[in-house]
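Q: Can you keep this structure in mind? I'll have questions shortly.
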């Protein structure tokens, strides 16, 4: 049991559940209502395979990140380490390759290779990006943050692009497709921006270990005050984007969605902004990181409203 618990901690089970939840909500609360009566046979099978492909690739990424972060984690989170403490480095790297290969193969099984080859290449690219993120990018200024944020957005976009042609993503020929395009990029944009904020906060939280081993993250290169300004700007951008969306949905009188967004996304964003300005200790940054995850969750859960409104 101890080994199983350690493995689930290594692959970040709660994060994997969040990925599956995000893709499931997009599939059944946005895609299905928009394409009712026009869903192709086998779509659900394709979706399930893509979800597992995403989960395997993400799990492999978490494993390889911990594999290369042993020294840093001994400083930042010694009590939460798994690699080299419970699971050997050899088994960790073996699991990484098995999950990565399985993720790419599942993508190839899910999609018609001739028509959607670029999505198979893209998921293989995710595996490569996660490797280089763990070995190099996360120790560089901004690059690692951008990579993780793009990969977070990709969990939504791969489901979208599995439904539509790359050459006709806007899909003027089908009534529901322009809306599907807007919703996909709206939520992908939300995931991208909130991930940028969280990665900046995590960099401040992990400063002691990162500084000891020569990482060039934002708070180390720019200082914590400049990093706070960077994160605050993205919070303001996200709040402004949310405000525009609120104005848009008000014209349809979707009152429950408006109240939900105001109470569970907009107000927590303001609270995050205020807490960010006062954060000093590692504990403060850990709390901010948890709050950004909560905002990401409530933002993604808002997709459920479209099941009733579309």
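Q: Here are 150, 105, 50: which of them is out of contact with any strand residue (DSSP E or B) (no Cβ under 8 Å at 6 or more places or on another chain), at pLDDT 95 or above, more than 21 Å from residue 6 (Cα to Cα) and crowded, with 19+ Cβ neighbours inside 10 Å?
A: Just one listed residue meets the conditions, 50.
Q: Of all residues in region 249-266, how many are surrounded by 12 or more Cβ atoms within 10 Å (Cβ to Cβ) and assigned to a helix (DSSP H, G or I)?
A: 10
Q: Just checking, does region 98-108 include any residue being within 23 Å of the chain's Cα centre (by Cα) and closer than 13 Å to residue 10 by Cβ?
A: Yes, that holds for at least one residue.
Q: I'd like to check something: does region 134-142 contain any residue that is surrounded by 21 or more Cβ atoms within 10 Å (Cβ to Cβ), modelled with pLDDT under 95, within 18 Å of the chain's Cα centre (by Cα) and more than 24 Å from residue 245 (Cα to Cα)?
A: The answer is yes; a qualifying residue exists.
Q: So, in region 26-70, exactly how many residues are touching a residue at least 60 places away in the same chain (Cβ under 8 Å) and not in a helix (DSSP H, G or I)?
A: 3
Q: Checking the conditions here, which among 106, 16, 3 is in a helix (DSSP H, G or I), in contact (Cβ under 8 Å) with a residue 40 or more places away in the chain and over 27 Å from residue 206 (Cα atoms)?
A: 106
Q: Let me ask something else about it. Would you mind stating whether residue 203 is modelled with pLDDT under 90, buried (at least 21 other Cβ atoms within 10 Å of the Cβ) and closer than 24 Å to residue 152 by Cα?
A: When the stated conditions are applied, residue 203 does not pass them.
Q: Looking at the structure I just gave you, is residue 189 assigned to a helix (DSSP H, G or I), modelled with pLDDT of 95 or more and surrounded by fewer than 20 Cβ atoms within 10 Å (Cβ to Cβ)?
A: Criteria met by residue 189.
Q: Scan 117, 131 and give me the residue that is part of a helix (DSSP H, G or I), at pLDDT 90 or above, exposed (fewer than 14 other Cβ atoms within 10 Å of the Cβ) and out of contact with any strand residue (DSSP E or B) (no Cβ under 8 Å at 6 or more places or on another chain).
A: So the residue among 117, 131 that is part of a helix (DSSP H, G or I), at pLDDT 90 or above, exposed (fewer than 14 other Cβ atoms within 10 Å of the Cβ) and out of contact with any strand residue (DSSP E or B) (no Cβ under 8 Å at 6 or more places or on another chain) is 117.
Q: So, residue 229, is that one part of a helix (DSSP H, G or I), more than 21 Å from the chain's Cα centre (by Cα) and at pLDDT 95 or above or not?
A: yes
Q: Continuing with this model, one more query. If you go through region 162-178 one residue at a time, do you hit one that is under 28 Å from residue 269 (Cα atoms) and either buried (at least 17 other Cβ atoms within 10 Å of the Cβ) or in contact with a helix residue (DSSP H, G or I) (Cβ under 7 Å, 6 or more places away or on another chain) (or both)?
A: So far as region 162-178 goes, no, none of its residues is under 28 Å from residue 269 (Cα atoms) and either buried (at least 17 other Cβ atoms within 10 Å of the Cβ) or in contact with a helix residue (DSSP H, G or I) (Cβ under 7 Å, 6 or more places away or on another chain) (or both).
The values are calculated or read from the model by the stated rules, or taken from the named source; none is laboratory data. Worth saying up front: this structure is predicted, and the values here are computed from it rather than measured. A quick note on method: Cβ atoms are made from the backbone with ideal geometry, for glycine too, and the neighbour counts reach across all protein chains shown.
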